[in-house]
Amino acid sequence: QVQLVESGGGLMQPGGSLRLSCAASTRFFRSYDMGWYRQAPGNQRELVAGISDGGSINYGDPVKGRFTISRDNAKKMVYLQMNSLKPEDTAVYYCTAQVGSTNSWGQGTQVTVSS
């Protein structure tokens, strides 16, 4: 299991931006597929964005064109730049790391978009 620590959440007005960061504890970071999921109250956890060990990227439909995922293998970090935030982006955001059948999750960081 990989320890993942998210940071950067908070309260933001609609239309604003936030950047989430996730620090991973493994020295094999570059071998992991990394991702961000979110879960709003009463909703299922959903994929926000994923970035493979090779750099392939995919996004959930609700965030396409607004969010950008990136990774820094040297720093063992993955980032989620969130622009043009909407109230429906309000959720707990989780970082995830996967290699083979092993999947690790962070504790989550709250993002609230409200005026």
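Some notes on this structure:
- So Arg45, is it more than 20 Å from Lys75 (Cα to Cα) and touching an Asp or Glu at 6+ places or on another chain (Cβ under 9 Å): no
- Selection of first residues in segment 17-41 that are in contact (Cβ under 8 Å) with a residue 60 or more places away in the chain and within 30 Å of Ser115 (Cα to Cα) and of second residues that are open to solvent by less than 30 Å² (accessible area, probe 1.4 Å) and assigned to a loop (DSSP other than H, G, I, E, B), restricted to Cβ pairs under 7 Å at least 6 apart or on distinct chains, gives the following pairs, ordered by first then second residue: Ser17/Leu85; Leu18/Leu85; Cys22/Gly106.
- Scan of segment 71-111 for residues that are among the hydroxyl-bearing types (Ser, Thr, Tyr), surrounded by 15 or more Cβ atoms within 10 Å (Cβ to Cβ) and assigned to a strand (DSSP E or B), ordered by number: Tyr79, Tyr93, Tyr94, Thr96, Ser104, Thr109
The values are calculated or read from the model by the stated rules, or taken from the named source; none is laboratory data. Because the structure is predicted, anything quoted here is derived from the model rather than measured. Quick reminder, even Gly has a Cβ in these numbers, built from the backbone with ideal geometry, and neighbours come from all protein chains shown. For accessibility, only protein heavy atoms count, side chains too; no ligands or nucleic acids. Shrake-Rupley method; radii C 1.70, N 1.55, O 1.52, S 1.80 Å.
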